[in-house]
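Worksheet: one structure, shown below.
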Amino acid sequence: MRLAVNIDHFATLREARKASEPEPALVAMLAEQAGAQAIVCHIRSDRRHIKERDLRVLRETVKTGLNVEMAATEEMKRVALEIRPDVVSLVPERPEELTTEGGLKVASNRKALAAHVKALGKAGIRTSIFIDTSLAEIAAAREIGADLVEINTGPYAELREGKERDKALAAVRKAAAYGRKIGLEVHGGHGLDYRNVGPIVAIPEIAELSIGFAIVARAAVVGIEQAVLDMLALLGT
Ligand code: PXP
């Protein structure tokens, strides 16, 4: 299974002092050298961590694939068309949230999202939709022309081992199988860490996991290369 490393929180650390380091592009290079198969970052409307300048540098330096998470707004469409990441991940965004709180609602917003995905596709950008485990939402993502879906593993990751977590895991498994069946590439992410990633790795339909906070937190202690290597070992990569 491929590992996409989300580097947002290195930029969060930089912004804590409004300084020029750590440099997200340097972190991305080291993560790639350790074996990460893609680099992810999220440009938020408040630019609280990643900024346009970071995207421009990352676009020039990332050698694997650059996946930029963003809201499906006109402002962000302009950013995407300027930067041209390999993948744009459309996510919902609530200004005060600490992190993305759930999947994008696709079925209720098909027309606008279909136009958005089409505009990105014309520029050669693949679109991913961050999505909850609802099969109807996954079907809607396919219908609006998304290339892939990233299934929200947050509800699973928030639970301790037990029946409730097993249920959340079964929902991810079912969603992944359905996504593949209808022709989507299926990724997963949110809240995954070194302890809870195992059962998600065992889902054969999931091709890639997007992991940020847990890797950044470990990297602060052992370094980004070791943190990436430790996660790759769990992914069997
Ligand atoms: N996937 C999406 C769509 C996200 O918004 C985030 C958080 O930025 C992640 C994955 C990574 O989540 P975490 O930082 O909890 O690993």
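The values are calculated or read from the model by the stated rules, or taken from the named source; none is laboratory data. The structure presented is a predicted model; accordingly, all values stated were derived computationally and were not measured. For neighbour counting, all protein chains shown are included, and Cβ atoms are generated from backbone atoms with ideal geometry for every residue, glycine included. Heads up: the accessible areas ignore ligands, DNA and RNA and are worked out on the full protein's heavy atoms, side chains in. Shrake-Rupley method; radii C 1.70, N 1.55, O 1.52, S 1.80 Å.
A quick yes/no check of all residues on (1) of a type in the set (V, I, T); (2) more than 15 Å from the ligand (Cβ to nearest atom); (3) over 19 Å from A4 (Cβ atoms):
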| site | (1), (2), (3) |
| --- | --- |
| R48 | no, no, yes |
| T73 | yes, yes, yes |
| V88 | yes, no, no |
| L104 | no, no, no |
Conditions (1) closer than 23 Å to D8 by Cβ; (2) touching a Gly at 6+ places or on another chain (Cβ under 9 Å) -> I224 fails only (2)
Picked from region 142-193 (must be among the acidic types (D, E) and within 13 Å of the ligand (Cβ to nearest atom)), the residue farthest from A38 (Cα to Cα) is E158
Where in region 1-83 are there helices (runs of 4 or more DSSP H), lying wholly inside it, with at least 1 residues that are open to solvent by less than 40 Å² (accessible area, probe 1.4 Å) and closer than 30 Å to P199 by Cα?
-> 8-16, 24-34
Given the structure, is T133 open to solvent by less than 40 Å² (accessible area, probe 1.4 Å) and either of a type in the set (S, T, Y) or under 17 Å from the mean Cα position of the chain (by Cα) (or both)?
-> no
Among the residues of region 194-213, how many are open to solvent by 20 Å² or more (accessible area, probe 1.4 Å), free of Cβ contacts under 8 Å to residues at least 60 places away in the same chain and within 12 Å of the ligand (Cβ to nearest atom)?
-> 1
Pairs returned, first residue in region 49-71 that is farther than 21 Å from A16 by Cα, second residue that is in a helix (DSSP H, G or I) and hydrophobic (A, V, I, L, M, F, W, C), beta-carbon separation under 6 angstrom, 6 or more apart or interchain, are R59/I83; T61/A25; V62/A28; L66/L58; M70/M76
Evaluate the following for A220: is it assigned to a strand (DSSP E or B) and surrounded by fewer than 20 Cβ atoms within 10 Å (Cβ to Cβ)?
-> no
Within region 88-130, how many residues turn out to be free of Cβ contacts under 8 Å to residues at least 60 places away in the same chain, hydroxyl-bearing (S, T, Y) and open to solvent by less than 10 Å² (accessible area, probe 1.4 Å)?
-> 1
